[in-house]
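These notes are about the structure you will find just below.
Just so it is clear, none of the values below were taken in a lab; they were calculated from the coordinates. All of these numbers come straight from a predicted model, not from anything done at the bench. Ideal geometry is used to build each Cβ from the backbone, glycine not excepted, and the neighbour counts take in all protein chains shown.
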Amino acid sequence: MSASGVASANSRSYREFIVHIRYKKIRHTYVRINYDKSLLVSAPLHADDEHINAVIDKFYSNILQKQQLVTQQSTQKHQQDVLLQDGDNVSYLGQSYLLQIIPATRNKAIFSGDVCLLNVKEINTEYKSTVLQAEYKRLGIKICTELLQQRFSYFETLGYKLPRLSLKVMRTRWGSYSVAVNKVNLNLALIKLDLKLIDYVVVHELCHIIEQNHSSRFYALMNKILPNWKELKKELNSFSHILR
């Protein structure tokens, strides 16, 4: 979720993996599994191929397990999208809603009580999923814009300009901050989660305006603005399976 801070990058093969390597100003090497099951390695600037291979070897069994989990979650997610129908449960701002699909002249989703009324112009599964996704984005832009503006007040006093906001599908992260264009990018899937978790991601990305890396200064800033951020981060990580 950081601003890039990437000095260089390359891709290569190792064992049965496609490995994408990003060299950063960090001390340790981290391995993540991409949605396509390739590996994303964040490594120190001085790390060589031998070091990176050793890290992959060390966590080989864990990597295979996580790849299998990614495959299962992707299959489950695809099935949920394809089979979207009346009576399903859908999530919005941390709550579960019973889906009711209604033929209409205008596409719109209304979350009321414990029901999501999905008005659609065409009654077919693929179209219904597209409409719900579009409504998530419409509602998400409104909610996230309000949060961004509220949280930016601190940064405004320091002379920074309000960043632009983008809400989109992101397959491996909850958010990012683009330094070059001063833009906060948020994962569309956040709209399914509790507002406090969305707020956490917004604060996290705003802090990258001042501190572009996850340095001690970055975390000191997080502590100042959102003292309980560690609890929120832990809760957010429990929802990693909904990343698309």
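Data table
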{"read-out": "Between region 16-45 and region 228-242, the Cα center-to-center distance that results, in Å", "value": "21"}
{"read-out": "Where labels lie 7 Å past Cα in the beta-carbon direction, separation of SER238 and GLN150 in nm", "value": "2.2"}
{"read-out": "DSSP loop GluC sites (Glu not before Pro) with at most 15 other Cβ within 10 Å: longest gap in the chain", "value": "123-244"}
{"read-out": "Under 12 Å, Cβ to Cβ, from VAL203 - net charge with Lys/Arg +1 and Asp/Glu -1", "value": "+2"}
{"read-out": "Helix 216-225 axis, angle to the chain major axis (alpha carbon atoms, nearest 10°)", "value": "30"}
{"read-out": "Estimated 222 nm signal from helices in the chain, with DSSP H stretches of n ≥ 4 weighted -39500 (n - 2.57), rounded to 500", "value": "-13000 deg cm²/dmol"}
{"read-out": "Relative contact order computed over the chain (Cα-Cα under 8 Å; 6+ residues apart), in percent", "value": "17"}
{"read-out": "In degrees, nearest ten, helix 195-210 long axis to first principal axis of the chain (Cα)", "value": "40"}
{"read-out": "Proximal lysines to LYS192, defined as alpha-carbon separation beneath 21 angstrom and excluding residues fewer than eight positions away on the same chain", "value": "LYS77, LYS108, LYS128, LYS137, LYS142, LYS168, LYS230, LYS233, LYS234"}
{"read-out": "Packing-based exposure ordering (other Cβ within 10 Å, fewest first) of THR29, THR105", "value": "THR105, THR29"}
{"read-out": "Alpha-carbon gyration tensor eigenvalues x 5, square-rooted, for region 101-238, Å", "value": "33, 15, 13"}
{"read-out": "Normalised per residue, the volume of the convex hull around the Cα set of the chain (Å³)", "value": "143"}
{"read-out": "Positive-end residue of GLN65, SER112, VAL202, charge dipole of the chain with Cβ unit charges", "value": "VAL202"}
{"read-out": "Qualifying trypsin sites (Lys or Arg not before Pro) for region 169-201 [loop in DSSP, other Cβ within 10 Å: at most 16]", "value": "ARG171, ARG173"}
